[in-house]
Amino acid sequence: MQKNLQDFIPGEAINQVLKLLEHDNLAVKIKNERKTRHGDYRRLPNGKHQITINSNLNAYRFLITLIHEIAHFEAFKNYGKFIKPHGVEWKHTFKNLMLPFLNPQVFPNNLLPLLAKHFKNPKASSDSDANLALALKQFDEPNDKTFIFEVPTGSVFKLYNGKIFEMGQKRVKRFECKEIKTGRLYLFNPNAEVELITNIDE
């Protein structure tokens, strides 16, 4: 466990993380990339608890995701199974668990103000906090994807699932885009990563 985690999270965080994982009934598994989630938590039928985290996350997002899922376990343990998954109990737990990590030994200085703001009222996904998500992505491995907010109006792009859209106008915080095949309108967060295409038959 220790060797695996050392490969995925900032070195200064490892001891504190291991303390949080000192539970006989809690296991962490590292998975291949899943497009729809960074990690998850579940209570298994045998009464044990399991956290899974995507292996492709950069160290800072991996740590945030791991603490997010540990907070689900701690909230279940302290408040019971009838609480809302991302309700006030989870928010309170997540915020308290993250506080010891919010320092320049663990996170780069440019992330700390964004993290401090985010954890005043943490959301179900850090991806819904566009400013934080964009700042975290600067530490990802380079790829050929483009952020939605960089896509020119009228351009065509493709999602990971193969669906093709035409870029529309900004609506408050999100961008309205039309799926080419169905004509349906969808709203995208500005930090969504897409693949620009020039040939609509791709």
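The percentage of C-alpha pairs in the chain whose separation is greater than 30 Å is 30%. Across the chain, C-alpha contacts under 8 Å between residues 6 or more apart give a mean separation that, scaled by the residue count, equals a relative contact order of 13 percent. For GluC sites (Glu not before Pro), the sites in the stretch 1-102 that DSSP calls loop and that have at most 15 other Cβ atoms within 10 Å are Glu22, Glu33. Think of the stretch 2-137 as having a plus end and a minus end, set by charges on the Cβ of Lys, Arg, Asp and Glu; of Ile53, Ala124, Ile30, Ala124 sits farthest toward the positive end of this dipole.
So if each residue of separation counts as 0.36 nm, and I subtract the Cα-Cα distance between Ser155 and Ile180, what length gain in nm does that give? Using 0.36 nm per residue and subtracting the Cα-Cα distance, I get 7.9 nm. Simple rule: put +1 on each Lys or Arg Cβ and -1 on each Asp or Glu Cβ in the stretch 37-152, find the dipole, and look at Trp90, Pro113, Phe139; the Cα lying farthest toward the positive end is Trp90. Packing here is the average count of other Cβ atoms within 10 Å per residue, and on that basis the peptides 55-61, 15-21, highest first, run 55-61, 15-21. Note on Ala124 and Asn143: the model spin-label points, each 7 Å out from Cα along the C-beta direction, lie 2.2 nm apart.
Taking 0.36 nm per residue of separation and subtracting the current Cα-Cα distance, fully stretching the chain between His92 and Thr198 would add 33.5 nm. Evaluated with a Cβ-only charge set (Lys, Arg +1; Asp, Glu -1), the stretch 146-197 carries a dipole of roughly 240 debye about its Cα centre, given to the nearest 20. Note on the stretch 97-141 and the stretch 43-85: Cα centroid distance 18 Å, given to the nearest whole angstrom.
Cα to Cα, under 22 Å, and not fewer than 8 places away if on the same chain: which lysines meet these conditions relative to Lys95? Reachable lysines: Lys19, Lys77, Lys81, Lys84, Lys117, Lys120, Lys123, Lys137. Ordering Arg184, Arg174 by the number of other Cβ atoms within 10 Å of each residue's own Cβ, fewest first, gives Arg184, Arg174. Cβ-to-Cβ counts within 10 Å put Thr52, Thr146, Thr93 in ascending order as Thr146, Thr52, Thr93, the fewest first.
Charge dipole of the chain (Cα centre as origin; +1 on each Lys and Arg Cβ, -1 on each Asp and Glu Cβ, all else neutral): 820 debye, rounded to the nearest 20. Max-minus-min Cα coordinates of the stretch 146-197 on each principal axis give 25, 21, 17 Å, with the largest extent listed first.
Using Cα-Cα distances under 8 Å and only pairs 6 or more residues apart, what relative contact order does the stretch 127-202 have, in percent?
Rounded, it is 33 percent for the stretch 127-202.
Taking the mean number of other Cβ atoms within 10 Å as a proxy for protection, how do you rank 103-110, 37-44 from highest to lowest? Can you show the working numbers first?
Working: 103-110: 12.4, 37-44: 16.4.
Order by mean packing, descending: 37-44, 103-110.
Bear in mind that the values in this text are calculations on the coordinates, not laboratory data. In this text the structure is predicted, and so the values were computed from the model without any measurement. Don't worry about glycine lacking a Cβ; one is built from the backbone with ideal geometry, like all the others, and counts go over all protein chains shown.
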